[in-house]
Amino acid sequence: MARENAFDLASFELPSIDRETTRTQPRKKSWRTRVVLTLLGLFTVVVLPFALLIRTSVYLYASRDVPTWLSLGGGALATMILLTLCAAWVSKKLSGRARAKWLASRIVLPVVLAYCLYSLLYLSSVNAKGPEVRAYYRSLHPVLRVAVSTMILVDRDMVVTDVQRNREDYQAMGLAVNEASLHYEQSDGFVHAVDLRTIGRGWWRNWTVEGYFRAMGFHTLRHRGTEDHLHVSLPVH
């Protein structure tokens, strides 16, 4: 009986372990993580390209003394690189191929150029105080034009009240002539200041618009000369 009940170590076998089932399974992302990643993705694709276009252009022009059109071109190039990287990542996920060169030349470049041209050339009558403002819109510095047009995409009710002035305009408004006004045409051929309506828009909307222009590198000032408005300007080299 002792021999029959003896524990035979030689015949004892460990249970087989299925390594496939014991591998650490990847943890699923929580819904909070997915929401955060989705918002970050939307910010990168929707918001960041516009901010990069304007902020880079302002930096090159105001801080590095790069000429006007080269500054805007630098901002456009930075935006193209960002959008190409995003598009290549999406293409890689969907098809297994990044195709960065094709995406940059066939999609990203036309989109960025089209937006820049639209911003430089067009101001809706809804967003201008009157025909005179629209007529002078193209005299505004190109980087300021792109910044104003971008803000209008978000705030469809924003109104440009003034762009270019001369000395007689100050006299007609009953104001002292400002010899250093950036509303005058500057040595580079552009006006470096624009006025935006603030009356009847609510403090939070005015605060948001002013914060946007400050974040992009422009100078802002609330003026109460003839009527309350936001003065936005770009320094002259």
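The values are calculated or read from the model by the stated rules, or taken from the named source; none is laboratory data. Since we're looking at a predicted model, the values are computed, not measured. Ideal geometry is used to build each Cβ from the backbone, glycine not excepted, and the neighbour counts take in all protein chains shown.
If only residues of segment 96-129 that are more than 23 Å from Leu77 (Cα to Cα) and among the small types (Gly, Ala, Ser) are counted, the one that is nearest to the chain's Cα centre (by Cα) is Ser124.
Of all the residues in segment 211-230, those that are surrounded by fewer than 19 Cβ atoms within 10 Å (Cβ to Cβ) and not in a loop (DSSP other than H, G, I, E, B) number 8. Screening Leu123 on (1) more than 30 Å from Asn166 (Cβ to Cβ); (2) touching a helix residue (DSSP H, G or I) at 6+ places or on another chain (Cβ under 7 Å); (3) not basic (Lys, Arg) shows it passes everything except condition (1).
If the condition is being closer than 15 Å to Pro49 by Cβ and exposed (fewer than 12 other Cβ atoms within 10 Å of the Cβ), then segment 103-117 contributes Pro110, Ala114. Residues that are part of a helix (DSSP H, G or I) and among the β-branched types (Val, Ile, Thr) within segment 59-94 comprise Thr68, Thr79, Ile81, Thr84, Val90, listed in sequence order.
Of the residues Thr38, Thr44, Thr79, the single one that is at pLDDT below 95, under 16 Å from the mean Cα position of the chain (by Cα) and of a type outside the set (A, V, I, L, M) is Thr44. The lone criterion from (1) among the hydrophobic types (A, V, I, L, M, F, W, C); (2) modelled with pLDDT under 95; (3) in the same structural domain as Arg214 (by TED's automatic domain parsing) left unmet by Cys86 is number (3).
Among the residues in segment 172-191, are any in a helix (DSSP H, G or I), of a type in the set (Gly, Ala, Ser) and farther than 16 Å from Ser233 by Cα?
Yes, some residue in segment 172-191 is in a helix (DSSP H, G or I), of a type in the set (Gly, Ala, Ser) and farther than 16 Å from Ser233 by Cα.
Within segment 52-61, does at least one residue satisfy the condition of being modelled with pLDDT of 95 or more and either assigned by TED's automatic domain parsing to the domain that holds Leu153 or charged (D, E, K, R) (or both)? Yes, some residue in segment 52-61 is modelled with pLDDT of 95 or more and either assigned by TED's automatic domain parsing to the domain that holds Leu153 or charged (D, E, K, R) (or both). Taking the listed residues Arg197, Arg165, Arg201, the one that is over 26 Å from the mean Cα position of the chain (by Cα), on the phi < 0 side of the Ramachandran plot and among the basic types (Lys, Arg) is Arg165, with no other qualifying. Which one of these is farther than 26 Å from Val66 by Cβ and surrounded by 12 or more Cβ atoms within 10 Å (Cβ to Cβ): Val146, Val159? Exactly one of Val146, Val159 is farther than 26 Å from Val66 by Cβ and surrounded by 12 or more Cβ atoms within 10 Å (Cβ to Cβ), namely Val159.
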